[in-house]
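The values are calculated or read from the model by the stated rules, or taken from the named source; none is laboratory data. Just so we're clear, the structure is a prediction, and the values are computed from it rather than from any experiment. Note: ideal-geometry Cβ built from the backbone for every residue, glycine included; neighbour counts use all protein chains shown. Ligands, DNA and RNA are excluded from the accessible area calculation, which covers all protein heavy atoms including side chains. Shrake-Rupley method; radii C 1.70, N 1.55, O 1.52, S 1.80 Å.
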Amino acid sequence: METVLAFETSCDDTAVAIYHAEQGLLTHHLHSQIALHQPYGGVVPELASRDHSAHIVPLLDHALAQTNRQLSDIDAIAYTKGPGLIGALLVGAAFARSLAFAQSIPSIGVHHLEAHMLAPMLEPEPPQYPFLVLLVSGGHTQLLSVKQACHYELLGETLDDAVGEAFDKTAKVMGLPYPGGPQIARLAEKGTPGRYVLPRPMTDRPGLDFSFSGLKTFALRTYESSAQDEQAKADLALAFETAAIKTLAIKCERALNQTGHKTLVVAGGVAANKHLRQELSTLSEKLGVSIFYPRQEFCTDNAAMVAYAGFKRLSQGERDDLTIDVRPRWSIQEVTL
Ligand code: KG4
Ligand code: ZN
């Protein structure tokens with residue numbers, strides 16, 4: 001199982017990567033659909049599927065050409081099997097499974113969140129097991145304890161909106177383009193601290209679950225009763241970002257104390273947020289914990305992380321059967337060994 005080709009098509013990025021057992025990541029390429037979905041203020045599932053179909057073959061050709069390889073040099077294929085948008089997942093799964101069948105090589109369907117969690121393993125100094133994971137993306141907000149490879153214990157998760165989703169929806173209300181997370185973060189830099197103060201949901205209750213839909217609604221009401229000018233937007237962006245980030249940090253501290261883990265892995269699109277990184281860096285000094293992040297481009301969706309997770313699963317002898325199967329909803333507990 002030397003060379004693994006991987007595809008990611010769970011949402012609005014079409015991505016291809018090639019991973020080598022000894023040489024590590026050989027290449028990765030991505031086509032973002034942000035511009036396609038921007039006029040609609042969010043991802044339009046049918047447009048996403050069609051765009052994946054249009055880009056998957058050119059991306060594959062590019063990845064092979066760049067690494068000076070042919071399909072016959074590929075030993076196995078990994079792809080995102082779920083969770084995600086059903087049509088988008090089906091494009092990647094059908095293509096990957098068919099290609100593997102045609103080449104008579106094995107394939108493996110990967111859990112998107114496992115791939116996100118393992119993304120820091122692609123760095124030169126990867127984290128050592130055991131560790132706590134804070135997974136913060138547009139679709140998920142979870143805290144997991146990872147005692148060993150492929151062993152995930154869900155400690156807490158959002159009961160409603162994911163934190164990235166709350167960023168995106170709050171940005172939309174303020175008329176900012178999709179995806180809103182980076183927009184809010186940029187605007188927040190010009191914000192006046194303390195002008196607005198938003199609640200930090202569920203931090204006064206015990207437990208490790210999250211809830212971000214109330215915070216989003218609070219931000220909406222605050223915006224409606226504000227001057228709605230540039231400064232009010234910046235001040236509200238800062239207040240929202242602060243409330244969301246402090247909430248994540250408080251729950252991380254609680255989870256680290258509860259589990260006794262000395263390593264924290266932060267993954268998913270929101271891990272790119274600078275304010276979150278500052279807050280967690282303060283926490284790491286306070287608790288004597290080391291923090292690991294994927295490199296910036298592997299925080300958001302990519303195929304490099306799918307290639308790595310697929311390589312691990314294939315090395316353990318896992319293989320798909322011949323059915324083309326996707327899991328739009330798929331708990332991480334189901335892939336725990
Ligand atoms: O992991 P990801 O690329 O896709 C999912 O699997 O969901 O995460 C995308 C999410 C979006 O909600 C986006 O707004 C958010 O990550 N995001 C950020 C930042 N960069 C991306 N949120 C806050 N601050 C950022 N700098
Ligand atoms: Zn993702």
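Things worth noting here:
- Out of Leu314, Leu283, one residue alone is within 21 Å of Ser98 (Cα to Cα), assigned to a helix (DSSP H, G or I) and more than 19 Å from the chain's Cα centre (by Cα). It is Leu314.
- 1 or more residues open to solvent by less than 60 Å² (accessible area, probe 1.4 Å) and aromatic (Phe, Trp, Tyr): qualifying strands (runs of 3 or more DSSP E) within region 124-222: 131-136, 152-157
- Answer from Ser72, Ser137, Ser98 - the residue that is within 15 Å of ligand 1 (Cβ to nearest atom) and at negative phi: Ser137
- With respect to being open to solvent by 20 Å² or more (accessible area, probe 1.4 Å), closer than 23 Å to Thr247 by Cβ and either more than 22 Å from the chain's Cα centre (by Cα) or modelled with pLDDT of 95 or more (or both), Gly288 fits the description.
- Here Thr300, Thr259 are screened, and the one residue that is more than 16 Å from ligand 2 (Cβ to nearest atom), hydroxyl-bearing (Ser, Thr, Tyr) and open to solvent by 40 Å² or more (accessible area, probe 1.4 Å) is Thr259.
- Output for region 223-256, where each listed residue is closer than 21 Å to Tyr293 by Cα, of a type in the set (Lys, Arg) and buried (at least 19 other Cβ atoms within 10 Å of the Cβ): Lys251
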